[in-house]
Each structure stands twice: as structure tokens, then as C-alpha cells.
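Comments concern the structure below.
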Amino acid sequence: MGRIRVGVLTISDRASAGEYQDASGPLLQRMVTGLLGGEVELAVTIPDELDAIRDKLLEWVGSDRMDLILTTGGTGFAPRDVTPEATRQVIERETPGLAEAMRLASLEVTPFAMLSRGVAGIRGRVLIVNLPGSPKAARENLNAILPALSHGLELLAGGGTDAGHQYRPNKDRI
Amino acid sequence: MGRIRVGVLTISDRASAGEYQDASGPLLQRMVTGLLGGEVELAVTIPDELDAIRDKLLEWVGSDRMDLILTTGGTGFAPRDVTPEATRQVIERETPGLAEAMRLASLEVTPFAMLSRGVAGIRGRVLIVNLPGSPKAARENLNAILPALSHGLELLAGGGTDAGHQYRPNKDRI
Amino acid sequence: MGRIRVGVLTISDRASAGEYQDASGPLLQRMVTGLLGGEVELAVTIPDELDAIRDKLLEWVGSDRMDLILTTGGTGFAPRDVTPEATRQVIERETPGLAEAMRLASLEVTPFAMLSRGVAGIRGRVLIVNLPGSPKAARENLNAILPALSHGLELLAGGGTDAGHQYRPNKDRI
């Protein structure tokens, strides 16, 4: 596949209202370009509203402009943290190993990592990954899945399930 | 928030029938008081019946008397172990990181930890956590989440999702 | 319980079409006999079709001939990988600790382990476990749960949830 096309969705009431300068979105954009070798198609900030999050994810998946959507924010215990619930309404095939690997890596830094409720999953040919809202935690989480992310996106873009049995040895690992 | 108000729900056919002395419930009550700095509002024993478990959880959540409900028992492979299924019918927002962290810590003690099917999640402002039925495993599991539990409950009680971006640095981790 | 009765279901378009020699199914059969002390009741290969997978799982569960069904294949990111989705339609009680333990063990070998989407769960008295499609990864994953698998199947076959509180100390762990 060509360069990975990425959407970055910041989910935050206060950033959306202009009361807070979003730092995680710009950080993720830099990581997408610098570490993942991808390009940022769109970066948008919306409030912590389940319907708004779900609709934006559906719009982006339907646009055929993205291979990967990274969300940041709304994954915690606060009453308005509903990013995982909105994401679950959108994904067709959950990818629990990504969420587990992110929390596992983050747990080595802080026990508060176990409070992250982020999910990850696929709709059509698009992978959606929930990252925490703080820049530091978002970076840690994305770093945790970088070693496998490109390969997963190749498989997702690729075609039949068994195409790799002979020609893509790494596919055999999955 | 003030002291954490806790309900302890022992789920066991035999303890409920008086054939077995529940040890996990009393142990959890002592841990809530001594380690979590909370107070036990109610401690009840019921049989392994899905409807009874679900209804008791709903009753306790609706009572506005609890911030946290700890269940013990019914999380294993036996045919009548249905605590996770009842809990799933009650929670609105799953907190998978708590269940993962408990199994991860318990796996260091015994491979049988992977047989625990416990879930954790939030309904309204109440966190519900399934613990195993044996005193030893229940204690291990609760110990595994203690370092993050109070903070999670504060966020849950607290208010808007972004309230903590400036004033509660730890919220940024989630 | 007597010898563990096992069904091995290989899920692969190409193996099903005869374009590819299934290696994982035979490997799992040898592991069932040699390591788990079980016997293989049936070993079948089907394509990556959600309905076909679901129907075969239901047929096997309904046959009363198996205690354990191991699937191999269809757990990755490729568009036709739908084994977990089919399995979710069949299971009544999820056993997330098995899937977590498999990925955890596999992550020590390769970061691609986090791309495995396999699930595990129970329907009636039958445990269903999704394993990856490659022989190497399938073996690693099954090895990861072997230390707890027999005990879990005993509990599942056994009876009431509390039967083990006095007589089966290990049950207390769960």
C-alpha cells in the first residue's frame, strides 16, 4: 500500500469550545508523519458527545480517504467520557489485542493506565484506535502499537485472508 | 469526594443456602475499610442466579448509596458461574483495563488466573467490579487495582470529562 | 471427566479449496493427543465464511461429542478474517482471560501478536478457542493456555458453581 492516510480526531469538550489548547492532536499528527510514515488527511476537534463522535467516525470511514483513524480523549472514567461507546457502535470487527497491548505498555509507566477504557476495531477497510487524552499517555499508547500497526494496515488493505500464507510470511503470525 | 461507599455482593449457591461460610465477603469488607479507606454500606449473599444478580446490582446502583460494588464468586467456568453475564446486563460503560490488570497480576501467581471471566464497568456513577470467589484470589485481584481505584472513583464522581485537564494532572493520564 | 473430546476446525479459503496444505490442523491434532491427553473427534476444513463457521460451531456443540473446539485461522486483519465474529455469535459466556493469556505469551515472541483478534468462550458445556492460522502461532497460543485448560474443562463439565469450594481447592482460585 501507499502512504498510510490518517484522520486524527480530538474529543474534548473544552478544546472544542476553545477553552483549552489541544496538544494531543498536533502531537499525534507529528507522530503519524514522522514515525508511521503516513499523512494526515484531516484533524478535527469535537466535544464529548456520543452521537457526534459516532457520526464523525462514520463520515470519515465513508469518505474513503483514510486507512486509520486515531482518536484522542474521552476514554477515562469521567461521566462524559464516551469515546469507547461511540467507537463500539461503529466498528464491525474488534481488535482487542491493540487495546490490551496499549494498556500493558502503559501499566509499566503508571497504574492509572488500567483506567483507560479505549477500544480498537475495524470498519470496512479502516482501523479505528482510541488513544487517551493526555499528550504523554497518547504518545505512549501509540508507540506501543507502532511495531505492528503498518503490518496490520497492509493486511487490512490487502485482500483475501490466505493471500499471505505463502507470500507474506508475517501474515502467518496472526 | 468523601469516603468511598461500597457494597459487597457475595454470589454463591452454597453460601446463600447456609451450607458454606462465606469468607470472601468479610475479607473484602475488611479490605474496603482498612486499605481503600471506604465504608461498607451493604453486604449481601445471593445464589448464582443471573436474574437475582442483575436485579441486586440494579437495586444497589439505583439506591444512590454506593460508589463501588464489589462482587465475589461466580466468575469461573462452572455451568452456574454467571456473574459476568449478569454484570454485562447492568453496566453501561465497560472498564476492561481493570479486569485485564487483575488477571495479569493473578497470572503471576497461578495459570488458573486465566480462567477468571470477571468483568468491570460503570453504570451511572457506580463502578462494579467482579472478583473471584476464593478469598485468596479475591484479595489478589482487589490488591491489583487498589493503586488506581480511588482515582478512578474520583473521576467518576467528579463531573465533566475535561475538568481535570488543568486542575487534576492525573486525569491527563487516562 | 474422561479423555477430553476435541474438534479441530481449520478455517481457510485456500486450504478449503485444496490450493494450500493445511499444516495447523494436523499440528493441533498432534498437540491434543500428545500434550492435552485428549482425543480428536472431528477435524474439518472450511472457508472463511461467517455463516459457515457459525453453523459448524453450532453443529459441533449440538452433537454432544466434544468438550473443546479449537479453531485455527481467520483471526487476523484481512477483510475475510471473520472467525472471531462467527465465534461471538455462538458463545454464551466469554472467557476473555484465555484470549488475553494467549496474546500476552505471543507478544513475548513478536509484536504482531497484538494483531490477533481471537476470542474464547463457552456455549453449553463446550469451550471454543480461536487460534491463529499459522502453525507456529497456533502452537504458541495453545501452549500458553495448556496449564489451565484441563482444569477449566473439568469445572465446565462438573456441575454447580460451588462444588469445588471444599473438595476442589483449585476451583477456589477462579
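The values are calculated or read from the model by the stated rules, or taken from the named source; none is laboratory data. Note that this is a predicted model, so its numbers are computed, not measured. As a convention, Cβ positions derive from the backbone with ideal geometry for all residues, glycine included, and neighbour counts pool all protein chains shown. The area values use the complete protein model at the heavy-atom level, side chains included, leaving out ligands, DNA and RNA. Shrake-Rupley method; radii C 1.70, N 1.55, O 1.52, S 1.80 Å.
Details
- Counting only residues that are away from chain A (no Cβ under 14 Å) and touching a helix residue (DSSP H, G or I) at 6+ places or on another chain (Cβ under 8 Å), segment C:1-50 holds 17 of them.
- Selection count, segment C:98-131, where residues are surrounded by 24 or more Cβ atoms within 10 Å (Cβ to Cβ), touching a strand residue (DSSP E or B) at 6+ places or on another chain (Cβ under 7 Å) and not aliphatic (A, V, I, L, M): 3
- Hits in segment B:108-141 - residues which are among the polar types (S, T, N, Q) and either more than 8 Å from every other protein chain (Cβ to nearest Cβ) or in contact with a Gly (Cβ under 7 Å, 6 or more places away or on another chain) (or both): B:SER116, B:ASN130, B:ASN141
- Candidate set from segment B:17-38 (those that are at pLDDT below 95 and closer than 25 Å to B:LEU58 by Cβ); member that is most open to solvent (accessible area, probe 1.4 Å): B:ALA17
- Cross-chain or 6+ apart pairs with Cβ under 8 Å, segment C:30-42 first and under 9 Å from C:GLY7 (Cα atoms), then among the small types (Gly, Ala, Ser) and buried (at least 16 other Cβ atoms within 10 Å of the Cβ): C:VAL40/C:GLY7; C:GLU41/C:GLY7; C:LEU42/C:GLY7
- Residue in segment A:68-83 that is under 30 Å from C:ALA105 (Cα atoms), touching a residue at least 24 places away in the same chain (Cβ under 8 Å), open to solvent by 40 Å² or more (accessible area, probe 1.4 Å) and not acidic (Asp, Glu) present: no
- Residues satisfying the stated conditions in segment C:143-171, i.e. acidic (Asp, Glu) and either surrounded by fewer than 21 Cβ atoms within 10 Å (Cβ to Cβ) or modelled with pLDDT of 50 or more (or both): C:GLU154
- Considering segment A:1-16, and only residues there that are assigned to a loop (DSSP other than H, G, I, E, B) and of a type outside the set (A, V, I, L, M), the residue that is surrounded by the most Cβ atoms within 10 Å (Cβ to Cβ) turns out to be A:SER12.
- All conditions in (1) of a type outside the set (Lys, Arg); (2) away from every other protein chain (no Cβ under 12 Å); (3) closer than 26 Å to C:TYR20 by Cα hold for C:PRO79, with the sole exception of (2).
- C:LEU127 vs. criteria free of Cβ contacts under 8 Å to residues at least 60 places away in the same chain and in contact with a helix residue (DSSP H, G or I) (Cβ under 8 Å, 6 or more places away or on another chain): no
- From the list C:GLU92, C:GLU100, the one residue that fits, being more than 8 Å from chain A (Cβ to nearest Cβ) and either out of contact with any helix residue (DSSP H, G or I) (no Cβ under 6 Å at 6 or more places or on another chain) or more than 20 Å from C:VAL8 (Cβ to Cβ) (or both), is C:GLU92.
- Per-region count, segment C:50-67, residues open to solvent by 50 Å² or more (accessible area, probe 1.4 Å), in contact (Cβ under 8 Å) with a residue 24 or more places away in the chain and outside any helix (DSSP H, G or I): 1
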